[in-house]
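Colleague: Would you mind keeping the following structure in view while I ask a few things?
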Amino acid sequence: DTGVSQNPRHKITKRGQNVTFRCDPISEHNRLYWYRQTLGQGPEFLTYFQNEAQLEKSRLLSDRFSAERPKGSFSTLEIQRTEQGDSAMYLCASSLGYEQFFGPGTRLTVL
Amino acid sequence: RKEVEQDPGPFNVPEGATVAFNCTYSNSASQSFFWYRQDCRKEPKLLMSVYSSGNEDGRFTAQLNRASQYISLLIRDSKLSDSATYLCVVNHSGSARQLTFGSGTQLTVLP
């Protein structure tokens, strides 16, 4: 399967803990995006990379959130000191042209 | 006001029916428009792009009215497999960066 992959698929954590998610984009795609989706809503943009450069960040991305794409391939999204409001599906997407291909997401539950 | 607004539904229609979804967007600088489909607990997938002249893909027809900032999706001869959430999506920058999603319209096609 050469689609976008994300790990883990599910994460349950206690409030205050740090979590890290990984996204492996489609191999030739130079653009990578992170979105967050809560129940009954569409995905909301968090941040965007072109190769290894982080070019855009949403105001939704508080100081507790950090994303990296060190070699322009896979990306990680870290949330520090998690809060219950962070519970959501975190989606990664990649693109070469205009169409963004989404991964299956990581569902985060903060207790 | 949300940047992209959709009727959340749900729309429950019998097989074979024609159903139409509408969407409005607030940013007149929006340049690219799409409909994505999202099945329950799955990632969004591109259904079709929306062009100013209107476009058709099999049973699906998309229309764009830039003056009214309005997008529509028409599904003819609906199938059980069309049951999903349909997300109206706009891209402001026109450079394949962040997508802005509506909250989605839920469709259930009944046998």
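Colleague: Just to be sure, is A:Ser27 more than 25 Å from B:Lys2 (Cβ to Cβ) and in contact with an Asp or Glu (Cβ under 9 Å, 6 or more places away or on another chain)? Reasoning before the result, please.
Modeller: Numbers: more than 25 Å from B:Lys2 (Cβ to Cβ): yes; in contact with an Asp or Glu (Cβ under 9 Å, 6 or more places away or on another chain): no.
So A:Ser27 does not fit the description; no.
Colleague: Out of region B:90-111, which residues are under 16 Å from B:Asp39 (Cβ atoms) and assigned to a strand (DSSP E or B)?
Modeller: If the condition is that a residue be under 16 Å from B:Asp39 (Cβ atoms) and assigned to a strand (DSSP E or B), then B:Phe101, B:Thr105, B:Gln106, B:Leu107, B:Thr108, B:Val109 are the ones that fit.
Colleague: Within region A:1-55, considering only strands (runs of 3 or more DSSP E) that don't extend past its boundaries, which have at least 2 residues that are surrounded by fewer than 21 Cβ atoms within 10 Å (Cβ to Cβ), β-branched (Val, Ile, Thr) and more than 11 Å from the chain's Cα centre (by Cα)? Give the derivation first.
Modeller: On the way: elements: A:5-7, A:10-13, A:19-24, A:31-37, A:44-50.
Per the criteria, A:10-13.
Colleague: Considering only region B:19-65, state which residues are among the small types (Gly, Ala, Ser) and either within 13 Å of the chain's Cα centre (by Cα) or modelled with pLDDT under 95 (or both). Walk me through how you get there before you give the answer.
Modeller: Applying the first criterion (among the small types (Gly, Ala, Ser)) to region B:19-65 yields B:20, B:26, B:28-30, B:32, B:49, B:52-54, B:58, B:62.
Once the filter is applied, which keeps residues that are among the small types (Gly, Ala, Ser) and either within 13 Å of the chain's Cα centre (by Cα) or modelled with pLDDT under 95 (or both), region B:19-65 yields B:Ala20, B:Ser26, B:Ser28, B:Ala29, B:Ser30, B:Ser32, B:Ser49, B:Ser52, B:Ser53, B:Gly54, B:Ala62.
Colleague: Then there is this: Residue check: is A:Ser95 in contact (Cβ under 8 Å) with a residue 60 or more places away in the chain and either of a type outside the set (Asp, Glu) or surrounded by 14 or more Cβ atoms within 10 Å (Cβ to Cβ) (or both)?
Modeller: Considered against the rule, which asks whether it is in contact (Cβ under 8 Å) with a residue 60 or more places away in the chain and either of a type outside the set (Asp, Glu) or surrounded by 14 or more Cβ atoms within 10 Å (Cβ to Cβ) (or both), A:Ser95 comes out as yes.
Colleague: Let me ask something additional. Of all residues in region B:15-33 being open to solvent by 10 Å² or more (accessible area, probe 1.4 Å) and among the hydroxyl-bearing types (Ser, Thr, Tyr), which is nearest to B:Ile75 (Cα to Cα)?
Modeller: Among residues in region B:15-33 that are open to solvent by 10 Å² or more (accessible area, probe 1.4 Å) and among the hydroxyl-bearing types (Ser, Thr, Tyr), the one nearest to B:Ile75 (Cα to Cα) is B:Thr18.
Colleague: Which residue out of B:Leu74, B:Leu64 is assigned to a strand (DSSP E or B), in contact (Cβ under 8 Å) with a residue 24 or more places away in the chain, over 26 Å from A:Met89 (Cα atoms) and open to solvent by 50 Å² or more (accessible area, probe 1.4 Å)?
Modeller: Numbers: B:Leu64 fails: open to solvent by 50 Å² or more (accessible area, probe 1.4 Å).
Among B:Leu74, B:Leu64, only B:Leu74 is assigned to a strand (DSSP E or B), in contact (Cβ under 8 Å) with a residue 24 or more places away in the chain, over 26 Å from A:Met89 (Cα atoms) and open to solvent by 50 Å² or more (accessible area, probe 1.4 Å).
Colleague: Within region B:79-90, can one find any residue that is touching a residue at least 24 places away in the same chain (Cβ under 8 Å), exposed (fewer than 12 other Cβ atoms within 10 Å of the Cβ) and among the hydrophobic types (A, V, I, L, M, F, W, C)?
Modeller: Looking through region B:79-90, at least one residue is touching a residue at least 24 places away in the same chain (Cβ under 8 Å), exposed (fewer than 12 other Cβ atoms within 10 Å of the Cβ) and among the hydrophobic types (A, V, I, L, M, F, W, C).
Colleague: Could you tell me which of the residues B:Glu15, B:Glu43 is touching a Leu at 6+ places or on another chain (Cβ under 8 Å), charged (D, E, K, R) and over 30 Å from A:Arg107 (Cα atoms)? Steps first, please.
Modeller: Details: B:Glu43 fails: over 30 Å from A:Arg107 (Cα atoms).
After applying the criteria, what remains is B:Glu15.
Colleague: Okay, next question. Step by step: first the residues of region B:37-56, then only those that are at the interface with chain A (Cβ under 8 Å from one of its Cβ atoms) and under 21 Å from A:Gly97 (Cα atoms), then the one that is most open to solvent (accessible area, probe 1.4 Å). Which residue is that? Walk me through how you get there before you give the answer.
Modeller: Of all residues in region B:37-56, those at the interface with chain A (Cβ under 8 Å from one of its Cβ atoms) come to B:42-46, B:49.
Applying the additional criterion that residues be under 21 Å from A:Gly97 (Cα atoms) yields B:43-46, B:49.
Working: B:Glu43: 36, B:Pro44: 2, B:Lys45: 125, B:Leu46: 42, B:Ser49: 13 Å².
By that ranking, first place goes to B:Lys45.
Colleague: A follow-up question, please. Is there a residue in region B:20-35 that is free of Cβ contacts under 8 Å to residues at least 24 places away in the same chain and of a type in the set (Gly, Ala, Ser)?
Modeller: no
Colleague: Name the pairs whose Cβ atoms lie under 7 Å apart, with the first residue in region A:1-25 and at pLDDT below 95, the second among the hydrophobic types (A, V, I, L, M, F, W, C) and open to solvent by less than 100 Å² (accessible area, probe 1.4 Å), and 6 or more positions between them or separate chains?
Modeller: A:Thr2/A:Ile26; A:Gly3/A:Ile26; A:Gly3/A:Phe101
Colleague: Inside region A:66-82, can you point out the residues that are open to solvent by 20 Å² or more (accessible area, probe 1.4 Å) and assigned to a strand (DSSP E or B)?
Modeller: Residues satisfying the conditions are A:Ser66, A:Glu68, A:Thr76, A:Glu78.
The values are calculated or read from the model by the stated rules, or taken from the named source; none is laboratory data. Source: prediction; values computed, not measured. With ideal geometry, Cβ positions are generated from the backbone for all residues, glycine too; neighbour counts draw on all protein chains shown. What goes into the accessible areas is simple: the full protein's heavy atoms, side chains included, and nothing from ligands, DNA or RNA. Shrake-Rupley method; radii C 1.70, N 1.55, O 1.52, S 1.80 Å.
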